[in-house]
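A short write-up of the structure that comes next.
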Amino acid sequence: MTRLRLILVACVVSAFGLGIGIGVVSATTGTPSVAPTPANLYSDIVPAPVESAATTGSSPFLLSASTQITYPPTAKGVASYLSTLFRPAAGFTLALAPGQSGGIHLALTAPRSRVGDEGYDLDVTTDQVTIAAATSAGLFHGVQTLRQLLPPIIDSTTRQPYGAWPVPTGHISDSARYAYRGAGLDVARHFFTVAQVERYIDEIARYKINFLHLHLSDDQGWRIAINGWPALTAVGGATEVGGGRGGYYTQAQYRQLVAYAQSRFVTLIPEIDAPGHVTAALASYPQLSCNGKPTSVFTGINVGFSSLCATKPDTYTFLHDVITQLAALTPGPYIGIGGDEANATTAADYAEIVGQAAADARAAGKIPWGWQETTSLPLPAPAVAAYWKVGATPASVIDAAAQGTSVVLVPADHAYLDQKYNPATQLGLHWAGYVDVQDAYNWDPATYLADVAPSAVLGVEADLWTETVVTSADIDYMAFPRLPAIAEIGWSPASTHDWPAFQKRLAAQGSRWKAAGVNFYASPQVPWPGATPLAP
Ligand code: TNX
């Protein structure tokens, strides 16, 4: 029976193009059986490392139940994370051996002058895996790279029949190109639970994304409890696009998300949108609109028709309470104040409301993060403006960048994960055009905006708006394989940018998503190794 199961596994594994599998323990030698490994793992890593080379002629390091993690006390968080990482597929946890060397060794010895705040060196010999960094974040990113040096089925959510997992020997040196590599998730148009957001955090952390911007309010929903304003969640949180049940996070749940993200070295950016995109808030508190009339939460997908009232004191009390409470929940530096598509607000009212929201963020010790429209004020530095439109760079963005505003690039025709891949894509919108993997990948943040100095670019972000996105499988389908393309644009040196090489690297990721149960779009632009994605 066991033997039959193992043969079946071997066939499945072969179908992935990975070679022949064998059982957990060899009947003849009693040694653990070794999982099959593809060739060229050192050239298949996403995002591409600065330097990466396999060494030839040595036997791989074998990860097994007896492998220990050795580390200095300050790296305990990463060591604990790593210790349970392989349990689902391998069936074992790795023992923690603080203060020792050998096994998988984490070291905070790499010079920050070379690896920066988030880089690492990774050395694999037959006897030891060493990840050295200047920070715990660097160690964490090194661990994500180590995962990609193991056979793809290490990502399986179910136990695999191997006792030893090979890591081919070699050396990697790596560091981040941009300090900001973001993902955006709209939990307002459709609500996603804490567990669903945590799942997405795990998926994006694999690709060294380090900010998650959560769009917590819009016309269709208000998703975070604010003390003193109970109707925001009772009324504003009770529905979503299409009229479903909606939902919201209590502040305790939001703190849980913050802590989970921190354990993956991802910083949350909470965003509430104003002065437009506010129907859920107006339905909860009609006094926030100029006409004061009761209204219902909007369940369609139009934009640009709602506004807070600039002449009502309640508007500023409301924004102050919301921003101050969000700041108290946020260890990170940024609070999102929105500012996009305020087509129902006059320019003067816009400047007053956005200016006050930014001042509230600053008074709470945070940097305001707004959409590119906020550069019309402009906000005094430090501030972040997220560029999302398509076409010529507006003068206000050029001026704000020259005056010290940091720019995050989310150009919709490259980095909007809600845009359809092609006309046949069932999910998504296509106002910015169709965005297949090559469109997501082929651009350079340093030269993208005319007349904006490369040094003004803080980084990139891949945004998933969820007007049409309902389930985690939908999220995965729109994010993969485009999110890794944006992640690579943000992390990897421009010198590694190479579409044919990226196509090949992405193909290798497909086997990992398949093993992990992560849905993806099998773009014909990528030479997938026989792996078929799950249905959208
Ligand atoms: C534009 S991006 C929006 C969102 C929509 C998205 C749909 C931005 C700042 N505003 O409200 O969800 O397009 O693609």
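The values are calculated or read from the model by the stated rules, or taken from the named source; none is laboratory data. Since we're looking at a predicted model, the values are computed, not measured. No Cβ is skipped: glycine too gets one built from the backbone with ideal geometry, and neighbour counts run over all protein chains shown. Each accessible area value is taken on the protein alone, full model and side chains, heavy atoms only, with ligands, DNA and RNA left out. Shrake-Rupley method; radii C 1.70, N 1.55, O 1.52, S 1.80 Å.
May I ask you to list the residues in region 419-438 that are within 15 Å of the ligand (Cβ to nearest atom) and either farther than 20 Å from Glu488 by Cβ or open to solvent by 20 Å² or more (accessible area, probe 1.4 Å) (or both)? Within region 419-438, Lys420, Thr425, Leu427, Gly428, Leu429, His430, Trp431, Ala432, Gly433, Tyr434 qualify.
If the condition is being farther than 25 Å from Gln262 by Cβ, of a type in the set (S, T, N, Q) and in a helix (DSSP H, G or I), then region 319-376 contributes Gln356, Gln372, Thr374, Thr375, Ser376.
Restricting attention to region 211-261, the residues that are among the polar types (S, T, N, Q) and crowded, with 24+ Cβ neighbours inside 10 Å add up to 2. Taking (1) open to solvent by 20 Å² or more (accessible area, probe 1.4 Å); (2) within 25 Å of Val322 (Cα to Cα); (3) within 11 Å of the ligand (Cβ to nearest atom) in turn, Trp371 satisfies each apart from (1). A residue that is under 24 Å from Gly370 (Cβ atoms), assigned to a strand (DSSP E or B), open to solvent by less than 10 Å² (accessible area, probe 1.4 Å) and within 13 Å of the ligand (Cβ to nearest atom) can be found somewhere in region 273-289. Please go through region 128-145 and give me each residue that is free of Cβ contacts under 8 Å to residues at least 40 places away in the same chain and in a strand (DSSP E or B), ordered by number. The answer is Thr130, Ile131, Ala132, Ala133.
Being touching a Gly at 6+ places or on another chain (Cβ under 8 Å) and within 16 Å of the ligand (Cβ to nearest atom): is that true of Gly391 here? Here the answer is no, as Gly391 does not meet what is asked.
Just name the residue that is nearest to Phe305 (Cα to Cα) out of those in region 328-368 that are among the β-branched types (Val, Ile, Thr) and open to solvent by 30 Å² or more (accessible area, probe 1.4 Å).
Initially, region 328-368 is screened for residues among the β-branched types (Val, Ile, Thr), giving 330, 335, 337, 345-346, 353-354, 367.
Cutting the leftovers down to open to solvent by 30 Å² or more (accessible area, probe 1.4 Å) gives us 346, 367.
Values: Thr346: 12, Ile367: 27 Å.
For region 328-368, the residue satisfying everything is Thr346.
A single member of Ala381, Ala392 is at pLDDT below 95 and either in a loop (DSSP other than H, G, I, E, B) or over 25 Å from Ala487 (Cβ atoms) (or both), and it is Ala392. Within this structure, Thr447 fails the test of being open to solvent by 10 Å² or more (accessible area, probe 1.4 Å) and in contact with a Gly (Cβ under 7 Å, 6 or more places away or on another chain).
Considering Leu257, Leu216, Leu232, Leu282, the condition of being in contact with an Asp or Glu (Cβ under 8 Å, 6 or more places away or on another chain), farther than 30 Å from Thr135 by Cα and of a type in the set (A, V, I, L, M, F, W, C) is satisfied by Leu216 alone. Determine if region 57-67 includes at least one residue that is in contact with a His (Cβ under 7 Å, 6 or more places away or on another chain), part of a strand (DSSP E or B), open to solvent by less than 10 Å² (accessible area, probe 1.4 Å) and at negative phi. Scanning region 57-67 turns up no residue that is in contact with a His (Cβ under 7 Å, 6 or more places away or on another chain), part of a strand (DSSP E or B), open to solvent by less than 10 Å² (accessible area, probe 1.4 Å) and at negative phi.
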